[in-house]
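Structure record follows, encoded as structure tokens.
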Amino acid sequence: MKIDSHQHFWHFIEKDFGWMNDHMQAIKKDQLPEDFASELHAVGFDGSVAVQARQSLEETNWLLKLAGSNDFIKGVIGWVDLQGAGIEKQLEYYSKFSKLVGIRHVVHDEPKNDFILQSDFLRGIKLLQKYSLAYDLLVFPKHLPNVIKVVEQFPEQIFILDHLAKPMIKNSVISPWKEDIERLAKYPNVFCKVSGMVTEADWNQWKPDDFTPYIDVVFNAFGCNRIMIGSDWPVCKVTGSYQQVLNIVLSYIENFTEKDKGMVLGGTACKAYKIAG
């Protein structure tokens, strides 16, 4: 299977999406499975992983409902209150949904840089392995040293780094992001999504070569067996078409072996998220 490992759905309500600025008019509307399916299949992909965009149980329930009625949604990354006293009850309840494959928290929006090191949050992460759930890391480069501290505490927990940790592509900044990525990749339980790059570049005049230094770093560090392609649809549409965004990675791996291509285009996602092929 070819799987887009990172995309979103939403009913657009202004107050729920405060991160959308005036330059994002293209996505300030409902973004639903029927809008995405045709684009996904037009590029020859078989399925996707739908990722939470709001931090609520309501969001998790809605995404699971969508996944239940749309076969192409192969997995859901939901949200639960990892810091809450009732976290184990929540995980026990959601464990009955086979398409819930992971949990995410929008760490990069938290005011404290060390949010991810809080004892209550770590207690929540510790429980994820019991329920066979991956944890998606949504962070900025400045958070990577703390991410490494977390990862080294949970060697059996699967972690997936979203969007390469959002390096500063627009300004061609590569260090210390590069060195931190290399340190993080030494932990074999960490995977990386090559996704979300176009929104970190110059929206009006990016070109594919802008991303090559960053893609080189993650491929050299993680290898194809721990890298998965993702679009970040519909967010990517503020600066490029779905096909253009996927082509950045598709062109990069064009001369790879069929085995390596297969891992990047779906095999890694199936492995990391335990999605049946």
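The values are calculated or read from the model by the stated rules, or taken from the named source; none is laboratory data. Because the structure is predicted, anything quoted here is derived from the model rather than measured. For neighbour counting, all protein chains shown are included, and Cβ atoms are generated from backbone atoms with ideal geometry for every residue, glycine included.
So is K130 of a type in the set (D, E, K, R), more than 24 Å from G230 (Cα to Cα) and without any contact (Cβ under 8 Å) to a residue 12 or more places away in the chain or not?
Numbers: of a type in the set (D, E, K, R): yes; more than 24 Å from G230 (Cα to Cα): yes; without any contact (Cβ under 8 Å) to a residue 12 or more places away in the chain: no.
In short, no.
Applying the condition of being among the small types (G, A, S) and assigned to a loop (DSSP other than H, G, I, E, B) to segment 70-120 and asking which residue is nearest to I3 (Cα to Cα) yields S98. Residues in segment 133-160 that are closer than 20 Å to L100 by Cβ and free of Cβ contacts under 8 Å to residues at least 60 places away in the same chain: 8 in all. In segment 176-216, of all residues being more than 14 Å from L250 (Cα to Cα) and touching a residue at least 60 places away in the same chain (Cβ under 8 Å), the one that is surrounded by the most Cβ atoms within 10 Å (Cβ to Cβ) corresponds to F191.
Scanning segment 36-62 for residues that are out of contact with any Lys or Arg (no Cβ under 9 Å at 6 or more places or on another chain), touching a residue at least 12 places away in the same chain (Cβ under 8 Å) and acidic (D, E) yields E39, E59. Taking segment 1-52 as the range and being closer than 23 Å to E110 by Cβ, among the aliphatic types (A, V, I, L, M) and modelled with pLDDT under 85 as the test, the residues that pass are I13, M20, M24.
Filtered by the rule that a residue be crowded, with 17+ Cβ neighbours inside 10 Å, under 20 Å from G47 (Cα atoms) and in contact (Cβ under 8 Å) with a residue 40 or more places away in the chain, segment 63-103 gives L63, I73, K74, G75, I77, L100, V101, G102.
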